1. Mind checking which residues of the stretch A:1-10 are within 15 Å of B:A15 (Cα to Cα) and either open to solvent by 40 Å² or more (accessible area, probe 1.4 Å) or at the interface with chain B (Cβ under 8 Å from one of its Cβ atoms) (or both)?
2. Just to be sure before I move on: is B:S35 at pLDDT below 90 and either surrounded by 17 or more Cβ atoms within 10 Å (Cβ to Cβ) or out of contact with any His (no Cβ under 9 Å at 6 or more places or on another chain) (or both) in the structure I sent?
3. Scan the stretch B:1-18 and report the pairs whose first residue is open to solvent by 70 Å² or more (accessible area, probe 1.4 Å) and whose second residue is among the polar types (S, T, N, Q) and part of a helix (DSSP H, G or I), with Cβ atoms within less than 7 Å and a gap of 6+ or a chain change.
4. Among the residues of the stretch A:31-61 satisfying the criterion of being under 22 Å from B:A150 (Cα atoms), within 7 Å of chain B (Cβ to nearest Cβ) and hydrophobic (A, V, I, L, M, F, W, C), which is surrounded by the most Cβ atoms within 10 Å (Cβ to Cβ)?
5. Would you check if A:L16 is among the hydrophobic types (A, V, I, L, M, F, W, C), buried (at least 23 other Cβ atoms within 10 Å of the Cβ), part of a helix (DSSP H, G or I) and touching a Ser or Thr at 6+ places or on another chain (Cβ under 7 Å)?
6. Got a number for residues in the stretch B:67-108 being surrounded by fewer than 17 Cβ atoms within 10 Å (Cβ to Cβ) and aliphatic (A, V, I, L, M)?
7. Of all the residues that make up the stretch A:24-54, how many are in contact with a Pro (Cβ under 9 Å, 6 or more places away or on another chain) and modelled with pLDDT of 90 or more?
8. For B:G95, all conditions in the list (1) modelled with pLDDT of 75 or more; (2) more than 30 Å from A:S73 (Cα to Cα) hold save one; what is the number of the exception?
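The values are calculated or read from the model by the stated rules, or taken from the named source; none is laboratory data. Quick caveat, the model's predicted, so the values are computed rather than measured. Glycine gets a Cβ as well: all are built from the backbone with ideal geometry, and neighbour counts include every protein chain shown. Surface areas here come from the heavy atoms of the whole protein model, side chains and all, with no ligands, DNA or RNA. Shrake-Rupley method; radii C 1.70, N 1.55, O 1.52, S 1.80 Å.
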Amino acid sequence: MASYSVLAVAAILFTLGLIGVLTRRNVIFILISVEVMLNAAGLAFVAAGARWGQPDGQVMFLFILAMAASEVSVGLALVMQVYHQHKTLDVTRLNVLKDDIDIQEIKVQ
Amino acid sequence: MNYLFYISSVVAIVATIMVITRYHPVHALLYLVVSFLAVSMIFLSLGAPFVAILEIILYAGAIIVLFIFVVMMLNIGSEAAAQEKQWIKTQTWAGPTILTAILLAELLVLMIRGDSTTITDQSVPIKQISFSLYKEYIIAVELVGFLLMAGIVGAAHIGRHKKRYLHRFLREKEERESVKL
């Protein structure tokens with residue numbers, strides 16, 4: 001098995017996650033795509049570790065796993081809070097920090 | 001083992017394509033589980049059984065359950081799927097998809113034309129991983145502990161629904177306005 005085929009699979013998965021982040025407008029789908037990207041990065045680490053027969057790749061995968069778990073817990077808490085306050089999951093509607101808009105208009109929406 | 005790797009990688013890619021094109025969140029999560037299982041099979045064929053098990057337990061078990069809980073609590077169903085259908089228009093997704101496909105083609109050409117040394121199928125023993133984890137990477141393990149602690153505290157703090165408290169003058173004013181409306 002050639003090492004570049006594993007890395008190619010990791011690259012394809014990462015690109016699919018990137019397409020998901022760039023094209024979806026729902027916050028939950030963006031978080032799912034970020035998970036796919038992190039998983040692809042971990043796959044590349046494990047492939048590199050297996051290529052050289054060293055444990056470092058798998059250790060790095062453990063760290064990526066812990067990072068993904070804490071990221072998704074905080075992200076989903078933010079999603080809940082956003083849905084509670086704005087009643088929408090559309091990221092283009094979350095423009096309260098944007099300049100030059102009337103605050104009254106947001107409250108009416 | 002070679003054809004197993006190719007089959008599972010095709011499954012992973014197809015499942016991930018289905019994940020990013022679904023309208024219903026729960027369908028996307030089901031495909032995501034399939035994708036994680038296929039990636040775990042790839043880990044197994046790379047000679048990393050420990051990581052394969054962790055992938056199933058933590059990704060396909062814990063993280064997916066978190067997502068499903070949030071989808072359940074937000075109570076978004078068929079109307080959300082209809083909304084997603086409206087949101088995804090061809091001119092929205094075509095541009096980024098073409099650009100990232102070009103990037104992917106560049107990456108693939110670099111990998112295929114590069115040094116094509118094959119993977120030696122020596123598997124790294126779990127004992128070696130744990131020695132490495134608690135010798136060289138001990139500080140990183142402690143930092144991951146901090147990170148998880150911060151994640152728990154942050155999620156508990158952000159996820160709490162705060163009661164909106166108004167001073168009684170403001171409350172009277174709001175009541176008057178609501179009566180006027």
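1. Step one: filter the stretch A:1-10 for residues within 15 Å of B:A15 (Cα to Cα), giving A:9-10.
Result: A:V9, single match.
2. On the way: at pLDDT below 90: no; either surrounded by 17 or more Cβ atoms within 10 Å (Cβ to Cβ) or out of contact with any His (no Cβ under 9 Å at 6 or more places or on another chain) (or both): yes.
The answer is no for B:S35.
3. B:M1/B:S45
4. A:I32
5. So A:L16 fits the description; yes.
6. The qualifying residues number 14.
7. Residues of the stretch A:24-54 that are in contact with a Pro (Cβ under 9 Å, 6 or more places away or on another chain), as a first pass: A:26, A:28-29, A:32, A:49.
From what is left, the residues that are modelled with pLDDT of 90 or more are A:28-29, A:32.
Residues in the stretch A:24-54 being in contact with a Pro (Cβ under 9 Å, 6 or more places away or on another chain) and modelled with pLDDT of 90 or more: 3 in total.
8. (1)
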